[in-house]
């Protein structure tokens with residue numbers, strides 16, 4: 001009889017390749033690069049106290065201080081640089097270039113750990129200093145960056161693997177970090193679905209209707225929305241069921257392909273219909289990294305993993321292929 005501790009260990013520490021980490025690293029790094037480039041023109045207007053921005057940085061950072069004094073913000077960097085005679089405008093320019101450079105290093109996998117830490121910090125500084133203008137995409141980007149920062153870097157596609165000759169980490173350590181990401185996504189979707197189900201707007205389609213007609217997300221013409229209005233209740237209920245059932249059906253072998261494709265399709269539809277392209281990118285990246293690696297180009301690596309990992313009992317197949325699915 002296998003003990004509960006052994007079963008828990010097999011579930012939390014399955015042998016896995018680093019493919020999930022490659023997908024997550026490249027996808028989130030691209031996300032931050034696009035984010036940085038999209039703000040290039042408005043960067044100083046958003047963060048400079050000398051510019052007439054919509055919501056000034058001092059207001060956002062004052063609201064942060066009411067929550068905690070330890071939340072990263074650009075004000076820290078501005079105050080530190082001012083001690084050396086560096087102006088705010090110069091510091092903001094350096095901060096933008098530093099964020100872009102750190103994300104690029106993360107993308108190619110050079111100084112992966114250092115680049116991940118720098119990207120997490122600078123991205124948080126930028127996001128928290130404009131907290132009144134941010135939305136879910138920034139939170140999910142921060143989640144992705146956090147998992148990269150603590151993950152067993154480098155992966156085999158990273159420049160560090162061959163240029164700096166850094167050895168890759170144990171397969172079971174890879175499996176543990178991916179498993180935590182999987183459980184995290186299950187919690188996010190489950191409680192998101194429960195929250196939507198608690199409101200009437202997600203049962204009669206009103207929430208989708210209001211989301212699609214509200215500027216600046218009203219990319220679809222009113223005529224098109226009116227024609228398809230009868231589908232809104234069906235779509236709304238489908239979203240609730242999809243998210244609430246995510247923690248169950250994404251783990252079952254017979255349904256996980258369907259559920260993963262449905263979730264990716266949902267995020268693609270949101271991105272295209274509302275112009276939330278970065279939100280769609282980060283959510284698809286997280287889902288594919290967590291649950292989609294066995295459907296891509298990893299068959300050879302998975303077989304190689306099976307050859308070097310010793311059997312571990314009742315859950316051998318799940319433990320060796322790194323899925324743990326039922």
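Rule-based calculations on the coordinates, nothing more; no lab input. Source: prediction; values computed, not measured. Heads up, the Cβs are rebuilt from the backbone with ideal geometry, glycines too, and the neighbour counts pull from every protein chain shown.
Worth a mention:
- In terms of packing, defined here as the mean over residues of other Cβ atoms within 10 angstrom, the peptides 102-109, 72-79 line up highest first as 102-109, 72-79.
- Estimated [θ] at 222 nm from DSSP helical runs (n ≥ 4, -39500 (n - 2.57)) normalised by residues in the chain, nearest 500: -21000 deg cm²/dmol
- The range 18-125: relative contact order as a whole-number percent, Cα under 8 Å and 6+ apart: 31
- Taken along the Cα-to-beta-carbon direction at a fixed 7 Å, the label points for residue 110 and residue 203 span 5.7 nm.
- Between residue 133 and residue 7, full extension at 0.36 nm per residue minus the direct alpha carbon distance yields a gain of 40.9 nm.
- The range 218-237 versus the range 105-142: alpha-carbon centroid distance in Å: 35
- Report note on the peptides 279-289, 8-18: ranked by the mean count of other C-beta atoms within 10 Å, highest first, their order is 279-289, 8-18.
- Relative contact order for the chain, counting Cα pairs under 8 Å that sit 6 or more residues apart, in percent: 26
- Among (i) 1.17; (ii) 1.06; (iii) 1.01, the entry that matches Rg/Rh (Cα atoms, Kirkwood Rh) as calculated here: (iii)
- Per-peptide packing, taken as the mean over residues of other Cβ atoms within 10 Å, places 138-145, 24-31 in the sequence 24-31, 138-145 from highest down.
- Extension gain (nm, one decimal) between residue 190 and residue 146, 0.36 nm per residue minus Cα-Cα: 13.7 nm
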